Amino acid sequence: MVETMSETAIGRYLLDRLSELGVAHVFGVPGDYVLGFYDQMAHSDVAHIGTTREDTAAFAADGYARCNGLGALAVTYGVGALSVVNPVAGAYAESAPVVVISGAPGTNEIQNDPMLHHRFGPFAFQREIFERITCATAVIDDPVLAFRQIDRALAAALRHRKPVYIELPRDLVEQPGVTVAAPPDEQLETRDEAALAEAVAETAELLARSKSPVVIAGVEIHRRGLQQPLLNFIEQTNLPIAATLTGKSVIRERHPNYLGIYSGALSNDDARRVVEDSDCILMLGMTLNDIDTGGYTIQLNPQQMIRATQGEVFIRHHRYPGAPLGDFLGRLSRDARPRNEVLPAFTIGPQATNFPEKDRAMTIARLIGRLNAMLTPDMMVVCDTGDCLFAGVELRVHDQTEFLASGYYTTMGYAVPAALGAQIARPQRRALILVGDGAFQMTGTELVSHCRQGLAPIVIVFNNRGYSTERFILDGPFNDIPEWQFHRLGELFGPLAGYDAPDECAFEDALTAAVADTETASIINVRLEPRDASPAMQRLGAHLKSRLGRDDDA
Ligand SMILES: Cc1ncc(C[n+]2csc(CCOP(=O)(O)OP(=O)(O)O)c2C)c(N)n1
Ligand SMILES: [Mg+2]
């Protein structure tokens with residue numbers, strides 16, 4: 001191996017590599033263990049985006065990664081890094097490639113095991129924690145290895161679409177590294193040509209023989225960046241397509257072949273009818289988690305299922321390992337017979353007729369109907385966990401990858417900070433943020449960073465005076481929360497236009513003003529009844545109750 005002493009400092013190398021990979025912004029809060037790196041960042045092409053807390057920086061990096069392909073955050077040791085554990089675990093569970101950069105005590109400081117501030121155990125503990133929630137970790141402790149360690153970690157993030165952890169001891173940040181000819185990249189997927197060809201041929205044949213084939217597309221299509229091949233496949237074959245909840249917006253939701261969300265009992269009516277009546281269901285990148293299966297309420301016959309996952313294809317009871325999803329999709333587009341049937345016109349999401357009605361209180365169903373009419377192609381929807389996520393089933397976003405949520409890991413507090421990252425990654429889009437009052441109270445104050453960055457999201461607070469999703473499962477005083485005057489937040493920080501919306505007329509005025517004001521962030525406090533539930537939540541509740549043979553409200 002050829003080793004060459006480099007002029008480049010280790011921290012600088014990391015910034016250069018991030019910049020080459022399209023990461024132009026790094027989120028985070030500084031601290032003394034990471035200040036040297038922050039100083040290098042201030043003199044680089046990579047901009048620092050300050051947040052009020054580290055966990056929100058990580059949510060922002062996640063939103064950025066989903067829009068941009070890679071995101072990054074930089075925090076201090078212990079107090080900073082440990083605060084990002086939940087969001088990074090979420091990014092791991094949902095396959096968002098986020099680079100976690102943590103400062104650390106210098107290698108020259110830790111030799112005699114001193115009691116340094118922010119320490120919480122052996123110095124190796126922090127890396128061990130991140131080992132469980134990232135696909136690669138690198139503790140930089142040797143300039144000879146540093147560049148290679150950084151390269152390997154970044155390559156792993158891109159290859160596996162998962163977070164990685166890089167720990168930078170503060171004495172090494174300014175040290176020059178050593179350039180070593182890199183070993184060849186490991187192969188992520190093993191491709192078995194024969195298996196791939198057979199899987200494609202069998203699928204094409206089953207689709208050709210089927211009377212009512214349908215496609216369900218899942219979240220792996222988003223994460224692997226296969227939206228365009230998916231669209232090509234659908235346009236080539238003219239098959240109807242549904243998406244799962246975590247795969248929502250994998251195809252633009254106003255596409256004529258799009259049916260809506262199929263996630264068991266959570267589904268839209270059209271999607272459920274077409275999918276459950278189909279004699280051949282092609283599942284592309286669908287994960288069978290409890291959200292996408294509507295709490296395991298999907299009713300599909302395994303004899304009629306073809307399931308292509310990241311590395312293999314399952315056709316009824318056959319299994320083809322070595323058939324990567326992207327290759328499978330590409331070849332199938334070429335080989336599957338185009339269908340000539342004219343598809344029926346599917347609904348483009350519920351609308352709220354005669355909105356606003358005088359003195360009519362707001363409900364979730366009417367709110368979503370109204371939002372369906374206001375969504376434009378330049379908007380993206382970022383949705384938190386709570387009933388707004390289930391309500392989102394009924395929304396139809398225009399473009400693909402325009403709906404972001406912690407749809408599977410379902411952490412509250414995702415939307416406001418993730419929208420910060422998403423809008424910075426996609427400045428041409430305006431974010432519509434849907435968030436419950438409970439989730440907003442967790443991280444909504446990060447809206448101050450939207451204001452600071454001159455962003456103009458429209459925040460819709462589903463204010464139902466507590467944790468309603470939990471109320472539907474088991475109610476008690478623990479689901480009550482203090483009431484905030486969300487529309488008055490602009491008095492605390494701004495510029496932020498706030499609106500109180502107790503009824504439809506007030507909401508209409510607020511929405512019209514917020515949409516017109518493209519320069520300022522807006523927040524609308526939508527007053528809802530605690531027992532009002534979105535249509536999807538009602539369907540899921542009814543289904544679960546019918547399974548239990550109960551029709552009471554408990
Ligand atoms: C970080 C986190 N803590 C707790 C939960 C459990 N949880 C799921 S939904 C929910 C209530 C959400 O309340 P709110 O944001 O007001 O939305 P709502 O259910 O009222 O629509 C809770 C506490 C969670 N998903 N994430
Ligand atoms: Mg609530």
Inset, instruction - Using Cα centres only, tell me the gap between the range 104-133 and the range 28-59 in whole Å. - result: 20
Inset, instruction - Return an integer: the convex hull volume of the alpha-carbon atoms of the chain, in Å³ per residue. - result: 164
Inset, instruction - Taking the Cα centre of the range 96-187 as origin, work out the dipole magnitude from +1 charges on Lys and Arg Cβ and -1 charges on Asp and Glu Cβ, in debye rounded to 20. - result: 400
Inset, instruction - Hey, can you grab everything whose amide H is under 5 Å from the amide H of Phe462? Only 5+ residues off in sequence or another chain; H modelled, so Pro and N-termini drop out. - result: Val435, Gly436, Asp437
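For Arg360, Arg452, what's the largest-to-smallest order of accessible area, 1.4 Å probe?
Numbers: Arg360 85, Arg452 175 Å².
Reading off the accessible areas and sorting them downward yields Arg452, Arg360.
First obtain the Kirkwood hydrodynamic radius of the range 58-188 from its Cα pairs, then insert it into the Stokes-Einstein equation at 37 °C and 0.692 mPa s, and state the resulting D in µm² per second as a whole number. Please report the intermediate quantities before stating the final value.
Details: Rh = 15.1 Å.
Diffusion coefficient, whole number: 218 µm²/s.
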Inset, instruction - Based on alpha-carbon positions alone, could you give the equivalent ellipsoid semi-axes of the range 324-370 from the gyration tensor, as √(5λ), descending, whole Å? - result: 43, 16, 5
Inset, instruction - Once you have the Kirkwood Rh of the range 402-455 from its Cα pairs, apply Stokes-Einstein at 4 °C and 1.567 mPa s and quote D in µm²/s. - result: 113
Inset, instruction - Would you be so kind as to identify all helices of the chain, as entire DSSP H runs, whose Cα atoms reach 27 Å or more along the helix's own axis and whose mean Kyte-Doolittle hydropathy is at least -0.5? - result: none
Legend entry - Accessible area (Å², 1.4 Å probe, nearest 10) - Glu128: 100
Inset, instruction - For the range 197-276 and the range 328-355, write down the distance between their C-alpha centroids in whole Å. - result: 8
Inset, instruction - Could you work out how far apart the two model spin labels at Asn108 and Ala197 are, taking each label as a point 7 Å from the Cα in the direction of the beta carbon, and quote it in nm? - result: 6.2
Inset, instruction - Among the aspartates and glutamates, select those whose C-alpha is under 12 Å from the C-alpha of Lys248, and discard any that sit fewer than 8 residues away in the same chain. - result: Glu220, Asp292, Glu394, Asp399, Glu402
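Magnitude of the Cβ-charge dipole of the chain, K/R +1 and D/E -1, about the Cα centre, nearest 20 debye?
With only Lys, Arg, Asp and Glu charged at Cβ, the dipole is about 1160 debye.
The values are calculated or read from the model by the stated rules, or taken from the named source; none is laboratory data. Everything quoted here is computed from the prediction, not taken from an experiment. No Cβ is skipped: glycine too gets one built from the backbone with ideal geometry, and neighbour counts run over all protein chains shown. What goes into the accessible areas is simple: the full protein's heavy atoms, side chains included, and nothing from ligands, DNA or RNA. Shrake-Rupley method; radii C 1.70, N 1.55, O 1.52, S 1.80 Å.
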